[in-house]
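A quick write-up on the structure given underneath.
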Amino acid sequence: MEDSSKRRLGRGLAALIGEIDRAPSADAVETKPAADLNVPIEFVSPNPRNPRRHFDEADLSDLAQSIREHGIVQPVIVRNGAEKGRYEIIAGERRWRAAQRAGLTAIPVLVREVNDRTALELAIIENVQRADLNPLEEAAGYQQLIDDHSYTQADLGQVIGKSRSHVANTLRLLKLPETVRTMVADGQLTAGHARTLITVEDPERLARRIVDEGLSVRQAETLSQAPAAEAKPAGSSVQVKDADTLALEKLLSDFTGLKVSIAHRQGGNAGEIRIAYRTLEQLDDLCRRLQTAG
């Protein structure tokens, strides 16, 4: 993506998100802003590409009650659908769902003409800014932009307003086993906990221990590094690594998404780097990363 195109896209997204941010909270009791249209609720459909999949039932019930009393304060952002007179939600599916529960027959909408890519970007941006996505939904949204629209991690960081390392670390969560991803989606594990599990040999076992014992992220990090030390034969001399080596190992692990170990030879001018992978898919992913790292 050319720099000039990125800048134009960034300005366009900022303007659209500005409209969302300038509107009051959906739960606030204020005068309803003017909307482009007031349309029958059945003419509005959710975006099937919306990264958000989980909607808390209690939260929806509370919002529905607020809507019954005060109406929808913030319009739903939509675009024209495939059929004339129908609309697809860009941002505001939670309000649309709550309005249905509240028994509304029509809702206020703001119609914007955007393509699939921009609609997905806006959905991710709005949800991330409002902390409405769980870490896995956020990761799935990033991956969808990469798969469907050939985004790089740097492009995503620029458009979404996050650092490249945040994007990379979030995407790494998709490599976890299904049982661990379910714990993250359910809120049993935080994103910080989950990232400590990516390079361990048995992430499910450690995940269950974190949940059962209520361990902190720092405690989880300590446990994730323990197997390497425990694997050394009894009586063998253990080389204590300096802080710079440990920091470099962590940097390389964050980049590759794999366990990285650095061993210096006597004298400190030579050594070796070991990268552990558990599947051929991880090896393929590592090769792609190294090929595009430049």
- Can you tell me which residue within region 255-288, out of those that are assigned to a helix (DSSP H, G or I), within 22 Å of the chain's Cα centre (by Cα) and modelled with pLDDT of 75 or more, is nearest to ARG164 (Cα to Cα)? PHE255
- Report, by residue number, each residue of region 150-183 that is at pLDDT 85 or above, buried (at least 20 other Cβ atoms within 10 Å of the Cβ) and farther than 22 Å from TYR277 by Cβ. MET183
- Only residues in region 48-76 that are free of Cβ contacts under 8 Å to residues at least 60 places away in the same chain and under 26 Å from ASP186 (Cα atoms) count as the first member; pair them with residues that are small (Gly, Ala, Ser) and assigned to a helix (DSSP H, G or I), Cβ under 6 angstrom, at least 6 apart or cross-chain, and list the lot. LEU60/ALA98; LEU63/ALA98; ALA64/ALA98; ALA64/ALA102
- Message: So if I check each of GLU204, GLU221, GLU138, which one is touching a residue at least 60 places away in the same chain (Cβ under 8 Å) and either in a helix (DSSP H, G or I) or acidic (Asp, Glu) (or both)?
- Response: GLU138
- Given (1) part of a helix (DSSP H, G or I); (2) more than 24 Å from ASP59 (Cβ to Cβ), where does ARG97 come up short, assuming only one miss? (2)
- Item | Answer from ILE90, ILE124 - the residue that is in contact with a helix residue (DSSP H, G or I) (Cβ under 7 Å, 6 or more places away or on another chain), surrounded by 22 or more Cβ atoms within 10 Å (Cβ to Cβ) and not in a helix (DSSP H, G or I) | ILE90
- Note on the structure: By residue number, the members of region 48-87 that are among the small types (Gly, Ala, Ser) and under 17 Å from ARG112 (Cβ atoms) are GLY81, ALA82, GLY85
- Note on the structure: Taking region 100-118 and the residues there that are part of a strand (DSSP E or B) and over 27 Å from the mean Cα position of the chain (by Cα), the one that is surrounded by the fewest Cβ atoms within 10 Å (Cβ to Cβ) would be ALA106
- Answer yes if at least one residue in region 145-154 is out of contact with any helix residue (DSSP H, G or I) (no Cβ under 6 Å at 6 or more places or on another chain), assigned to a loop (DSSP other than H, G, I, E, B) and not assigned by TED's automatic domain parsing to the domain that holds ASP62, and no otherwise. yes
- Message: Take ASP147 and tell me if it is of a type in the set (D, E, K, R), surrounded by fewer than 18 Cβ atoms within 10 Å (Cβ to Cβ) and within 16 Å of the chain's Cα centre (by Cα).
- Response: yes
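The values are calculated or read from the model by the stated rules, or taken from the named source; none is laboratory data. What you see is a predicted model, and the numbers here were worked out from it, not measured in a lab. Cβ sites come from the backbone with ideal geometry, for glycine too, and all protein chains shown count toward neighbours.
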